[in-house]
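Remarks on the structure that follows.
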Amino acid sequence: MENFLRDPAPEEASKLVLSAYAEKTLCVKIPYDPDSVIFSALLTKYFNGEVAVTFSSDCQLTLNKGDIGNSVAYRGVEVFVGSSAFSSLLPLTVEDLVPILAGIFSDVLLRRRKLSDWEQRILNNAENLGVIREKGLKIPAYREVPLFLSLFYSLDPFVPDISGNPVNALKLVKELNGNEFTKLSDLDESKLNTLLFRLVSSLVKVNPKATREDVIDDRYFYNNYDSLELGMSVLYVMDTQGSPILFDAVMNTSLFWTFVEWLRGLLSRGFNVQVSEEGNRYVVDSNLSPILAYIVLRQAGKAKDRRPVYLRRGEKFVSSRFFLNSPEEGLIYDDKD
Amino acid sequence: MLSKELKDEKPERIAEQQVEDLQLIFKRLSMKYSDKIHDEELKVYSELADSLFEVRLAKVLEGHSLGDSFDSWEEEILSKLREFYVSFVMGHYPVRNGKVLCRVVKELYFSGTVLKPGDLIFMEVKKAVGLLLSGVVEPCSLFKKTRRE
């Protein structure tokens, strides 16, 4: 606990992690989330010996995520890293840029937090590798896809009546004198302000404290990737397919683009989120994955406790390992129902 | 036993008791005598056993079942090995530098830690195959669907 009263020391943690490469074999204990899986896969990628990744047993190298922040412990030395994603502690290279962005931004979305000072420093360095930073709307892939699709795909922020609804998303763009092909960059300042006003007005319906800050942020892009969409896609893929596929993508980074396409495939069918509290769990009527539904619920101030999120699938209920203490991965059906 | 095996396309049923009777004969032979003639005799029997293995293995690989014969375990091992081989070549597993990602199925001691079911281990392919056959780990398939979807 004493360590946690100190300032975060991610640089020190980074050195501590790299010292583990001296081991012949390595065991890493991690929490079950995409950032931690990406971290352990990156570590494994350049480790000569065998590596075990455990979610429960004590190990030489342990990653902890708690309410007051994250820490890394290796052979009796524990270093506090604040809110920084573990993926940000590993060396930044062109080869590993996409997985590191995926780790950082999946964690930012999952924990509903701002980038840490350390992560901003890492992203500043990433600009030398081709990452583009700009102040922009927090809607996915707006540089690549038409505005109405970008609004339609938006999960964070989840804009009532627009997110998941292509008809209403296109209607909004048409109100701005746009059409199916209009991109965000085609809007002039006046139309952009109108769009912002419309988005914030919608957000206020579920979150009375919503402001322009909820829809504008520093946005990061690399090649075709939008970091926001990339983060969301790894949350979705790990939730529905499990951790090994993320592990494989870290080894073969072009697979991350497949994840983005899978997410777009899911969202393009349209989606909605209706939640009810049933005893010791949240039950959501939605065709999203449990984590994606959780991200939407958190924006409305719901699902703050540790109760698991279940999706209703006909007569059955389905959740995932992020919410359940289970050795199974992917979508997990509740056999009790 | 071998001559019978060679006569038919399908594997013969060889009961456990039949093999245990043979084993006893060979054990006695090995213990009782220690001279060149008997050594040669045992060598011939070993070669016949080796041929029996090859013939029955070929039949299993062609899709025949060993039923409840003494060596029916061969079938399970070959089936697991075949599935691993095909999936490995088809890129169904996370691999890199001669290692493959596996999921722990039964508790496994590794690097001072007891790994639990559901944990992951990135290990040499040869070692992974050994542990796969003994049911301790299974390679992580990238294309396994959820249980009911």
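The values are calculated or read from the model by the stated rules, or taken from the named source; none is laboratory data. Keep in mind it's a predicted model, so treat the numbers as computed, not measured. We place every Cβ from the backbone using ideal geometry, glycine too, and count neighbours over all the protein chains shown. Keep in mind that these areas ignore ligands, DNA and RNA; they rest on the heavy atoms of the full protein, side chains included. Shrake-Rupley method; radii C 1.70, N 1.55, O 1.52, S 1.80 Å.
One line per residue, one yes/no per condition, for (1) farther than 29 Å from B:ALA128 by Cα; (2) crowded, with 20+ Cβ neighbours inside 10 Å; (3) of a type in the set (Ser, Thr, Tyr):
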{"residue": "A:GLU11", "(1), (2), (3)": "yes, no, no"}
{"residue": "A:SER19", "(1), (2), (3)": "no, no, yes"}
{"residue": "A:ASP33", "(1), (2), (3)": "no, yes, no"}
{"residue": "A:SER56", "(1), (2), (3)": "no, no, yes"}
{"residue": "A:GLU78", "(1), (2), (3)": "yes, no, no"}
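Residue by residue through region A:283-323, note down the ones that are within 14 Å of chain B (Cβ to nearest Cβ), open to solvent by less than 10 Å² (accessible area, probe 1.4 Å) and assigned to a strand (DSSP E or B).
Of everything in region A:283-323, those that are within 14 Å of chain B (Cβ to nearest Cβ), open to solvent by less than 10 Å² (accessible area, probe 1.4 Å) and assigned to a strand (DSSP E or B) turn out to be A:LEU311, A:VAL318, A:SER319, A:SER320.
Which ones in region A:158-191 are among the hydrophobic types (A, V, I, L, M, F, W, C) and exposed (fewer than 14 other Cβ atoms within 10 Å of the Cβ)?
Across region A:158-191, the qualifying residues are A:VAL167, A:PHE181.
For residues in region B:79-102 being surrounded by fewer than 16 Cβ atoms within 10 Å (Cβ to Cβ) and away from every other protein chain (no Cβ under 14 Å), which is nearest to B:ILE14 (Cα to Cα)?
B:SER79
Could you list, in sequence order, the residues of region A:54-77 that are in a strand (DSSP E or B), farther than 18 Å from A:SER116 by Cβ and in contact (Cβ under 8 Å) with a residue 40 or more places away in the chain?
Residues satisfying the conditions are A:LEU61, A:TYR74, A:VAL77.
Is there any pair with a first residue in region A:235-252 that is on the phi > 0 side of the Ramachandran plot and a second that is open to solvent by 10 Å² or more (accessible area, probe 1.4 Å) and not in a helix (DSSP H, G or I) whose Cβ atoms are under 7 Å apart and which are 6 or more apart or on different chains, and what are they?
Every condition considered, the pairs that remain are A:GLY242/A:GLU329.
Given the conditions (1) free of Cβ contacts under 8 Å to residues at least 24 places away in the same chain; (2) more than 17 Å from the chain's Cα centre (by Cα), report the number of the one that A:VAL206 does not fulfil.
That leaves (1) as the condition not met.
Could you check region B:103-123 and list, in sequence order, the residues that are facing chain A (nearest Cβ under 7 Å) and on the phi < 0 side of the Ramachandran plot?
Passing the criteria: B:PHE110, B:THR113, B:VAL114, B:LEU115, B:LYS116, B:PRO117, B:ASP119, B:LEU120, B:ILE121, B:PHE122, B:MET123.
Within the bounds of region B:15-25, is there any residue that is out of contact with any Asp or Glu (no Cβ under 9 Å at 6 or more places or on another chain) and either within 14 Å of chain A (Cβ to nearest Cβ) or among the small types (Gly, Ala, Ser) (or both)?
Among the residues of region B:15-25, not one is out of contact with any Asp or Glu (no Cβ under 9 Å at 6 or more places or on another chain) and either within 14 Å of chain A (Cβ to nearest Cβ) or among the small types (Gly, Ala, Ser) (or both), which makes the answer no.
Name the residue, out of A:ASP117, A:ASP96, that is more than 14 Å from chain B (Cβ to nearest Cβ) and charged (D, E, K, R).
Sole residue among the options that is more than 14 Å from chain B (Cβ to nearest Cβ) and charged (D, E, K, R): A:ASP117.
Any residue in region A:252-264 that is open to solvent by less than 30 Å² (accessible area, probe 1.4 Å), outside any loop (DSSP other than H, G, I, E, B) and in contact with a Lys or Arg (Cβ under 9 Å, 6 or more places away or on another chain)?
Checking region A:252-264: not a single residue is open to solvent by less than 30 Å² (accessible area, probe 1.4 Å), outside any loop (DSSP other than H, G, I, E, B) and in contact with a Lys or Arg (Cβ under 9 Å, 6 or more places away or on another chain).
Which ones in region A:265-275 are assigned to a helix (DSSP H, G or I) and out of contact with any helix residue (DSSP H, G or I) (no Cβ under 9 Å at 6 or more places or on another chain)?
Result: A:GLY265, single match.
Matching residues to (1) of a type in the set (A, V, I, L, M); (2) within 15 Å of the chain's Cα centre (by Cα); (3) under 30 Å from A:ALA249 (Cβ atoms):
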| site | (1), (2), (3) |
| --- | --- |
| B:HIS38 | no, no, no |
| B:VAL60 | yes, yes, no |
| B:SER69 | no, yes, no |
| B:TRP73 | no, yes, no |
| B:GLU76 | no, yes, no |
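Since A:ASN70 meets every condition but one in (1) surrounded by fewer than 24 Cβ atoms within 10 Å (Cβ to Cβ); (2) more than 14 Å from every other protein chain (Cβ to nearest Cβ); (3) at pLDDT 95 or above; (4) under 25 Å from A:ARG321 (Cβ atoms), which condition does it not meet?
(1)
In this structure, does A:ASN48 turn out to be modelled with pLDDT under 95, out of contact with any Lys or Arg (no Cβ under 7 Å at 6 or more places or on another chain) and either within 30 Å of A:MET232 (Cβ to Cβ) or within 14 Å of chain B (Cβ to nearest Cβ) (or both)?
When the stated conditions are applied, A:ASN48 passes them.
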